[in-house]
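Worksheet: the structure to be examined is printed underneath.
The values are calculated or read from the model by the stated rules, or taken from the named source; none is laboratory data. The structure displayed is predicted, hence computed values, not measured ones. No Cβ is skipped: glycine too gets one built from the backbone with ideal geometry, and neighbour counts run over all protein chains shown.
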Amino acid sequence: MSKIGKKIIVLPKDTSIKIEGDKITVVGPKGNKSLFINDKIFSSKVNEKNEFQILPISKKTDNKTQLLWGTYRSLINNAVIGVSKGHEKILELNGVGFRANLKGETLNLQIGFSHDVNFKFPKDVKIQVEKQTVIKINGVDKELVSKIASDIKSLKPVEPYKGKGIKERNQYVLRKEGKKK
C-alpha cells in the first residue's frame, strides 16, 4: 500500500472535481486545472462527503503501481490546493543596487550587471513587486509557479561569501569564510 496514495483528499466547499475517463478536471474560485491519469491502472471517485479518492483497480499492486499511485494523488492534491487557495513563492533580492520593477508582461531586474535583465512570464502566473526587493509569484499550477521562481533565481544565484543574489524567502544560504592574511 502506498502511504501517500491511500490518503483521502478533502475538497473545499467551493471546489469540484469532474471525472471523464482518464481526464480529471478540478474547478475552483481561482481557476481550473486538468490532469490525465492512467485509467487502466487506477479508478477515482468522489463520495457524498465531498472527498476524492484514487485507488488501483487490481488488488495486487507492484512497486511501480504504488509509486504512480502516490504521484497521481500528490498531483491531484496540488491541483485542488491551486484552484482553491493558489500557490505562492516569495523571492528576495539581496545586494547593493538590486531592484525589480514590473513593466507590463515583463519583469525588469537590476541585479548587478551592466545591463537590465528583462524576464517575460506567462499570463497564467501573476507577479507582484513589493518594496523593489521582494517578488511575489502567484498561480494555480504549482509546477509552473516553481519553474518561474527557479528561472528567476537562476539569473543571479546567491553567492556564498556575501550572500548577494536572488533567493527564496527562508532559504538557507551556506556562507563561506573569506581568505585570511
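Things worth noting here:
- Sole residue being among the hydrophobic types (A, V, I, L, M, F, W, C) and under 30 Å from Val26 (Cα atoms), chosen from Val125, Val173: Val125
- Screening the stretch 114-155 for residues that are free of Cβ contacts under 8 Å to residues at least 12 places away in the same chain and in a loop (DSSP other than H, G, I, E, B) and picking the one that is nearest to Ser74 (Cα to Cα) gives Lys131.
- Those strands (runs of 3 or more DSSP E) of the stretch 1-76 in which 1 or more residues are surrounded by fewer than 18 Cβ atoms within 10 Å (Cβ to Cβ) and either small (Gly, Ala, Ser) or in contact with a helix residue (DSSP H, G or I) (Cβ under 7 Å, 6 or more places away or on another chain) (or both) occupy 16-20, 23-28, 31-36, 42-46.
- Residue match in the stretch 135-147 (condition: among the polar types (S, T, N, Q), out of contact with any Asp or Glu (no Cβ under 9 Å at 6 or more places or on another chain), assigned by TED's automatic domain parsing to the domain that holds Lys30 and under 30 Å from Leu55 (Cα atoms)): no
- Taking the criterion of being at pLDDT 90 or above and surrounded by fewer than 18 Cβ atoms within 10 Å (Cβ to Cβ), the residues of the stretch 79-91 that qualify are Glu88, Ile90.
- Qualifying residue in the stretch 156-174 (condition: free of Cβ contacts under 8 Å to residues at least 40 places away in the same chain, crowded, with 17+ Cβ neighbours inside 10 Å and outside the structural domain of Ile24 (by TED's automatic domain parsing)): no
Let's see how each residue does on (1) charged (D, E, K, R); (2) not assigned by TED's automatic domain parsing to the domain that holds Ile41:
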position: Thr61; (1), (2): no, no
position: Thr71; (1), (2): no, no
position: Ile76; (1), (2): no, no
position: Ala79; (1), (2): no, no
position: Glu92; (1), (2): yes, yes
position: Gly95; (1), (2): no, yes
position: Ala100; (1), (2): no, yes
position: Lys103; (1), (2): yes, yes
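- Scan the stretch 83-113 for residues that are among the charged types (D, E, K, R), part of a strand (DSSP E or B) and within 30 Å of Leu11 (Cβ to Cβ) and the total you get is 2.
- Residues being surrounded by fewer than 13 Cβ atoms within 10 Å (Cβ to Cβ) and either of a type in the set (D, E, K, R) or within 30 Å of Lys33 (Cβ to Cβ) (or both) - total across the stretch 102-115: 3
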